[in-house]
Amino acid sequence: MSQPLVSVIVTSFNHKKYIEAALDSVYAQTWKNIDVIVVDDASTDGSQKVIRRYQKRRGFTFIERKTNYYDAPVKQGDKPIIEAMNMARGKYIAVVDSDDLILKDKLTRQVALMEQNPTATLCYGDIKLLGADGVIYPYSNYFASGDAFHQLLVSGNFTLYIGSLIRTTAFKSLERSHPDLVQEDWDMFLRLAKLGPFIADEQTVALYRRHDSNTWYRQDKSALMYRNRMMILDNWKNDPLWPQAMGLRWEAYLPGDALTEAEITTLLAERPQDALLHFLTFQYAVRNKERLLACQSLLQAISCCDVRLKILPQLYSMALKLSASPAMTKSLLQDMQRKLPNAASLACYQQAVLKLGKPNDEE
């Protein structure tokens, strides 16, 4: 088989300690027809010196950004990874973060699979976690070839750039993600899944390093993950699978301990129409015995909640229990009948009718 060119994108930011090992893993590939592009997003730890020294030996393309893309309040141009991917000349694109490693047969194995499946937009293999202690842990356990969109949208991302190989023509046909989206692999994979099938392979192909200076350990990780997940789901609100996907997000956050009150307040300033955030505020208000805030937040959650979500009748039911007057109960009932004119609202309706019959009952 002839060897089609593979463009390997190495993204760098403040990984001076790891960048050389990442590049070593790229150049140790058994697949030799590679086009390496390294992009550094204005590192402050001297990573650039290591990259330039390595470049003298290997002669790859180096994009040295002078200002950090994500520090800018208003994002200008392409994200570093997209800037580099746009320069790809290869038939396929592999992405390696500067603190991660790819195993020597990754490209050989994945190119063969993609060549055998010309309609596939992406191939992904098994990833292992490389802990700060040097111990290797399992990462993913979902492997399925074919239409991956349902699983990706509903259950979330099940692979990473480091474990994947992307068909360049598919990537170049995609609409770009939101400029403020920090972790965009899930978003890109969703878009790729809409274009064609994925190829899954259970062979381990990469090591994803987890250490104290990557996203996993960021102090704002919880808010960052929430923001990113919801921004991505917002893109697919018109998809028939969206209610199921959002319903699972509600289930994940309903225990109420994933976000702090301060994080919820910050996120609500950015997403004032986010029903889930209003409901999480309601939960904190109940715990803090702030009845007025609890009532206001719950009503706001109802107002913002999409009528396709199964949680909505339950929100009405909770609001009816909090209702302090027949007038409020009647208003809730009318709103419910307008939004939920079907069997799903029957139990809520019956409860409301009972409450209207007890005007002096202030539960």
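If I go through the range 111-158 residue by residue, how many of them are open to solvent by less than 60 Å² (accessible area, probe 1.4 Å), touching a helix residue (DSSP H, G or I) at 6+ places or on another chain (Cβ under 8 Å) and touching a residue at least 40 places away in the same chain (Cβ under 8 Å)?
Result for the range 111-158: 15.
What are the residues in the range 87-107 that are open to solvent by less than 50 Å² (accessible area, probe 1.4 Å) and of a type outside the set (Asp, Glu), if any?
88, 90, 92, 93, 94, 95, 96, 98, 101, 102, 106, 107 - these are the residues of the range 87-107 that are open to solvent by less than 50 Å² (accessible area, probe 1.4 Å) and of a type outside the set (Asp, Glu).
Scanning the range 63-82 for residues that are open to solvent by 60 Å² or more (accessible area, probe 1.4 Å) and touching a residue at least 40 places away in the same chain (Cβ under 8 Å), which turns out farthest from the chain's Cα centre (by Cα)?
78
Is it true that residue 341 is modelled with pLDDT under 95, open to solvent by less than 60 Å² (accessible area, probe 1.4 Å) and either out of contact with any strand residue (DSSP E or B) (no Cβ under 8 Å at 6 or more places or on another chain) or among the β-branched types (Val, Ile, Thr) (or both)?
Spelling it out, it is not the case that residue 341 is modelled with pLDDT under 95, open to solvent by less than 60 Å² (accessible area, probe 1.4 Å) and either out of contact with any strand residue (DSSP E or B) (no Cβ under 8 Å at 6 or more places or on another chain) or among the β-branched types (Val, Ile, Thr) (or both).
Out of the range 168-186, which residues are open to solvent by less than 30 Å² (accessible area, probe 1.4 Å) and either at pLDDT 95 or above or of a type in the set (A, V, I, L, M) (or both)?
Once the filter is applied, which keeps residues that are open to solvent by less than 30 Å² (accessible area, probe 1.4 Å) and either at pLDDT 95 or above or of a type in the set (A, V, I, L, M) (or both), the range 168-186 yields 168, 170, 171, 174, 181.
Mind checking which residues of the range 159-185 are assigned to a loop (DSSP other than H, G, I, E, B), under 23 Å from residue 201 (Cα atoms) and in contact (Cβ under 8 Å) with a residue 60 or more places away in the chain?
Once the filter is applied, which keeps residues that are assigned to a loop (DSSP other than H, G, I, E, B), under 23 Å from residue 201 (Cα atoms) and in contact (Cβ under 8 Å) with a residue 60 or more places away in the chain, the range 159-185 yields only 184.
The values are calculated or read from the model by the stated rules, or taken from the named source; none is laboratory data. None of the values given here were measured: they were computed from a predicted structure. Cβ coordinates were reconstructed from backbone atoms using ideal geometry, including for glycine residues, and neighbour counts include every protein chain displayed. Side chains included, ligands, DNA and RNA excluded: accessible areas come from the protein's heavy atoms. Shrake-Rupley method; radii C 1.70, N 1.55, O 1.52, S 1.80 Å.
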